[in-house]
Every structure is written in structure tokens, then in C-alpha cells.
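For reference, the structure discussed in these notes is given below.
The values are calculated or read from the model by the stated rules, or taken from the named source; none is laboratory data. Remember, predicted model here, so these are calculated numbers, not experimental data. So basically every Cβ, Gly included, is an ideal-geometry build from the backbone, and we count neighbours across all protein chains shown.
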Amino acid sequence: MQRGSWAGASGLGLLLAACGGGGLQSTPASQAVTLASAADALRELGNTAAAVRLLQTPIPGPCSSGNDAVTGPASKSRSFVYFSGVTETVVYQSNDYLNCGQTGGTTLSGFLEDGASSDSSYTYAVYGSESEVLLVDSSATNSSGVAVTVAQNLVGTIETNIVSSTQSEIRSGMETTTQQAPQSGGAPTYNASFSVGVPSPAFDLVSDSGSGTETITGGYAYSSSSCSGGSVTVATPTALQLTVDGSNSYATGGVLTLTSGSATVTYTFSASGAALSGSISGSLSTSQVQQAFSAGSGC
């Protein structure tokens, strides 16, 4: 079990939240998104990046302030939810946070359990419980330059199989809601919901640091006060080849397909960006692909 800086959860909220808007939305699991233009393709590429980012949410570090009721480390037998037939004796720790301060000013409240098999080939993290979510509070500046408080609720499970020294597979079913409100006071200016692998099948991410490749399968759904949203199914017929640019990476090879309703768009990546085919004809530039992978959709 590795515990580190808590940045991924609030980072997802910022990936989705480049704009402001009105009331709280629910995730429209059966509604189709619009896939008719290059702008639509860019938006959903950013949302796919947000789905991947959610799976990569790190385990929090120790509290610098506040309270943390810790159980463990202890051991138990656990059947993994998303890796069928896998039951392992795991060493785990559960945390019940209350205003737990993290690096960068983030605070946590709620339940988290994480653990690993004896050989660390399987790990897991459970966010929230039947009675409570994991609440992540942080501060940020929105696209209008206004200082906001970001409140994010997380509930679900992330499981990882460490296949080799370079390859890992993450499977997850997660739901999150995000709300932004001005730090100066007043009503919320942004609300969003986002889910991956809910209700099924699990969202699946296979990464290979040796080859620099990534494959993605599964579905996500979202809505926000900026975008009506809907549900999307993701596949990578050819593994994505990732290029690292500073602290971010983006696709410069491989094929991604996104399907929603009766529409399917295919992205064929190269060093020049992405050629679009299927329900959308056209292309995305390299800078647009980089923007989608690093900054999200604006929804």
C-alpha cells in the first residue's frame, strides 16, 4: 500500500470544470451525447481523459491536521470485485477521516479502505461505504479567475493487477459529484456528476510503461451545469502510444473509438494530432489533443 500526495480527485473536478453554470445535475446513464462535429470529438476526448484520471486517483497520505480513525494494518481474505475468480489474503487499512488535512490544502472526510495481496500483485481502494461517501474539499481558481471552493464526493472501488514490472491493469466502478462555490460566498456556480463502469461493465485501463502504451475499454457517463452530458462507450482497437510532455502525456499513435447512441467516432492518432472518421469527419491538431489529455473537456 502506497500513500502519497492527494491530487487526483480534485484534479478530476478541474478536468471537468472549465466553465460555470446552474443547478445540480444527475448522470444521464441512458442519454446519448452529441457526436456530430470536431468540437464534440474534442469534448469527449477530454472526458475520456477525465475517466482515466479518475482511475488513477492516488491513496491519501497521513493527515497533517484533523482526525483519522485508523483500523489496521490487518489481514483478511478478500474476493476482488472486478477480477473474476481472484480471492487473496490482503493486508489492508481503513480510515474514517474528519477534516483530514493533506498536502496542498485539500481536506478529507469520510471512509476509505485500501489494501494489497501478500505479493502486491493485486491492490484495491474502496472510497466511501454504504452509509457515507469520501468528501474531498479543496480550493482552486476557475476559468474566470474567481477563487472557488471545490467539494467532491467519491464512492466506488478501484482494483489493480500488477502484471509485470512495467504493466498494470486497473478496473473500476466509481461515481463522483463535484460542486464549486465562490470563496467570497454565494450560491454554487458549477455542479457536475461523473461515473465510470457504473452500473457495468467495469472501466478497464491497461498501461505499459515499457512500451509507452495504453488500452481503454468500458463506459463513462456525465452531466454538468455546463454540458447536458450522457453516456459513452470507449474502446481502443489499437493500443494508444503515449508521448510524455512534462508532467502530462498524450496520444501520438493508436486508435480510439467512442460510441454513444447510434453514433461512433474513431480517432486515429499520429504526431500531427488525430484524424476523425465515422460519425465525424475532420481532424484535431496536436495542440488540441494535448489540451484534451491535460486540461479536460470544459464540461
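At-a-glance table
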| quantity | calculated |
| --- | --- |
| Candidates 182, 201, filtered to the one that is modelled with pLDDT of 90 or more and either on the phi < 0 side of the Ramachandran plot or among the basic types (Lys, Arg) (or both) | 182 |
| Checking residue 93 against (1) of a type in the set (S, T, N, Q); (2) within 23 Å of residue 168 (Cβ to Cβ); (3) crowded, with 20+ Cβ neighbours inside 10 Å, the condition it does not meet | (3) |
| Pair list, Cβ < 9 Å and 6+ apart or interchain, from segment 153-168 residues that are within 13 Å of residue 119 (Cβ to Cβ) and in contact (Cβ under 8 Å) with a residue 60 or more places away in the chain to residues that are part of a strand (DSSP E or B) and among the hydrophobic types (A, V, I, L, M, F, W, C) | 161/170 |
| Residues of segment 225-234 classified as over 17 Å from residue 298 (Cβ atoms) and surrounded by fewer than 17 Cβ atoms within 10 Å (Cβ to Cβ), total | 1 |
| Scan of segment 138-150 for residues that are surrounded by fewer than 18 Cβ atoms within 10 Å (Cβ to Cβ) and either without any contact (Cβ under 8 Å) to a residue 40 or more places away in the chain or under 19 Å from residue 56 (Cα atoms) (or both), ordered by number | 141, 145, 147, 149 |
| Residue check for residue 58: surrounded by fewer than 15 Cβ atoms within 10 Å (Cβ to Cβ) and part of a loop (DSSP other than H, G, I, E, B) | no |
| Considering residues of segment 152-186 that are small (Gly, Ala, Ser), surrounded by fewer than 19 Cβ atoms within 10 Å (Cβ to Cβ) and in a strand (DSSP E or B) only, the residue farthest from the chain's Cα centre (by Cα) | 181 |
| Filtered residue count, segment 32-51, keeping only those that are assigned to a loop (DSSP other than H, G, I, E, B) and crowded, with 20+ Cβ neighbours inside 10 Å | 2 |
| In segment 151-209, the residues that are farther than 21 Å from residue 130 by Cα and of a type in the set (A, V, I, L, M) | 162, 163, 170, 181, 187, 192, 205, 206 |
| Among residues of segment 122-136, those that are out of contact with any Gly (no Cβ under 6 Å at 6 or more places or on another chain) and surrounded by fewer than 18 Cβ atoms within 10 Å (Cβ to Cβ), counted | 3 |
| Wholly within segment 187-299, strands (runs of 3 or more DSSP E) carrying at least 3 residues that are out of contact with any helix residue (DSSP H, G or I) (no Cβ under 7 Å at 6 or more places or on another chain) and among the hydrophobic types (A, V, I, L, M, F, W, C) | 230-245 |
| Test: residue in segment 255-269 that is farther than 16 Å from residue 44 by Cβ, surrounded by fewer than 21 Cβ atoms within 10 Å (Cβ to Cβ) and free of Cβ contacts under 8 Å to residues at least 60 places away in the same chain | no |
